[in-house]
1. Go over the candidates 240, 247 one by one and state the one that is touching a Lys or Arg at 6+ places or on another chain (Cβ under 6 Å), modelled with pLDDT of 75 or more and either part of a helix (DSSP H, G or I) or of a type outside the set (Gly, Ala, Ser) (or both).
2. In this structure, does residue 224 turn out to be farther than 18 Å from residue 56 by Cα and among the hydroxyl-bearing types (Ser, Thr, Tyr)?
3. How do the pairs read when you match residues in the stretch 263-275 that are modelled with pLDDT of 75 or more and part of a loop (DSSP other than H, G, I, E, B) with residues anywhere that are surrounded by 10 or more Cβ atoms within 10 Å (Cβ to Cβ) and among the polar types (S, T, N, Q), using Cβ under 9 Å and keeping only pairs 6 or more apart or on different chains?
4. So, of the residues in the stretch 96-113 that are surrounded by fewer than 20 Cβ atoms within 10 Å (Cβ to Cβ) and in a helix (DSSP H, G or I), which turns out to be farthest from the chain's Cα centre (by Cα)?
5. Out of curiosity, is residue 212 at pLDDT 85 or above, within 25 Å of residue 55 (Cα to Cα), in contact with a Phe, Trp or Tyr (Cβ under 9 Å, 6 or more places away or on another chain) and buried (at least 17 other Cβ atoms within 10 Å of the Cβ)?
6. Using the structure shown, decide if residue 38 is of a type outside the set (Asp, Glu), modelled with pLDDT under 85 and either in a helix (DSSP H, G or I) or at positive phi (or both).
7. Residues being hydroxyl-bearing (Ser, Thr, Tyr) and either surrounded by 13 or more Cβ atoms within 10 Å (Cβ to Cβ) or modelled with pLDDT of 90 or more (or both): count how many of those fall in the stretch 185-209.
8. Any residue in the stretch 58-84 that is within 30 Å of residue 162 (Cα to Cα) and modelled with pLDDT of 85 or more sitting within a Cβ distance under 6 Å of a residue that is basic (Lys, Arg) and crowded, with 18+ Cβ neighbours inside 10 Å? List the pairs, counting only those 6 or more apart or interchain.
Amino acid sequence: MAENAQSPFRDWVPGWLQVSVAFVILVCIMLLNGSYIGNGLNINSTMGLQTEDITLIYYSTTIGMSVIYPLIGIVRSGINSKSILLAGLSVQTLLCYACASLENTALLVLVGFLIGVLKGFALVETMTILFPVFSKDRLLLEMYAKVFPINFSLGQIGIMLTAVFAQFFEWQYIYYAETFMLLTAILSVLVCLRHVNVPWKFSFDALDLTGAAYASAILLAFSYLMIYGRIRDWFYSGEIKLCALAIPVLMALFVMSHRRKGNPYLHFGLLRNKKVLLEHAYMGICMMLAMSNYMVSYYADAVLHYDGIYSNSLNMMLLPGFFARGNRVRAVGPLQAV
């Protein structure tokens, strides 16, 4: 683990307990989503939501995680790890309970988005703690080769758990179980992490919240267009037309806002870096392939009439592939130091 001067943990906390606490937090945040695609049919029958509604709620969590990352470094410079984790986990607990109670699609999309934002903060804090565990030499590629298989696998396990809860209990029980896990994580943070007085090094003026809002709106509008286009009969629908027109307008506003800001939300200069482009293209392909399990599960559920547990257990076959690829990357990839 990191040296005590840099560690957010109390002095009496041994290394193995630090790792255990970090993994508890990691499991909690990776299993939490605004909506679970593993119990989509159960939610459809109980709440009357369409499959597309559940998909948009699920994607809103991913969008929330994506748009917050450029701002996390600025926020972390002025707030200590314990405060970030306590605030994030506490709000996620309330949002998790809200997901089991709300029935309005728009509110659930908003809740899912906020869950994603808070997951981004918690994930960065957890990865910071686990960095020396995943890579003793602090090699970034080595850490990624271990982190991504774990994160992808936890996502598949979460989908499987939702199917189990939906079949033997009610679909809401997965949120109640997640609430209990989050409370456990909060207790672990309270007991094991110490409060560090971090000087306030940033102002809210340094956060390009306008750019983040435009980016969120663009991604949500694009997701709505692609998800609802088929059932709305594409451009015969006024909603789809409005959404399609809004995307280029929002993109133009995003670029104009970017040019006016001294410290913009995104630095387009990174796009000239071939490694950055390759990394994002590879991650995009990985996410598309990983999300193909949704189609497999839905086909097995709705067409083949398999039970939810069996149809979602098919996706567990992805796990060996995730870890095999991670081992391959560590073996042949050119390791780069941070």
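1. The unique qualifying residue is 240.
2. No, not satisfied.
3. Correct list of pairs: 264/257; 265/210; 265/257.
4. We begin by selecting, within the stretch 96-113, every residue surrounded by fewer than 20 Cβ atoms within 10 Å (Cβ to Cβ); these are 97-98, 100-107, 110.
Keeping just the survivors that are in a helix (DSSP H, G or I) gives 97-98, 100-101, 105-107, 110.
Details: 97: 18, 98: 18, 100: 19, 101: 21, 105: 19, 106: 19, 107: 18, 110: 14 Å.
So the residue we want is 101.
5. Yes; evaluated as a whole, the condition is true for this residue.
6. The answer is yes for residue 38.
7. 1
8. From residues that are within 30 Å of residue 162 (Cα to Cα) and modelled with pLDDT of 85 or more, the pairs are 65/119.
The values are calculated or read from the model by the stated rules, or taken from the named source; none is laboratory data. The model shown is predicted, which means the values in this text are computed figures rather than measured ones. Note: ideal-geometry Cβ built from the backbone for every residue, glycine included; neighbour counts use all protein chains shown.
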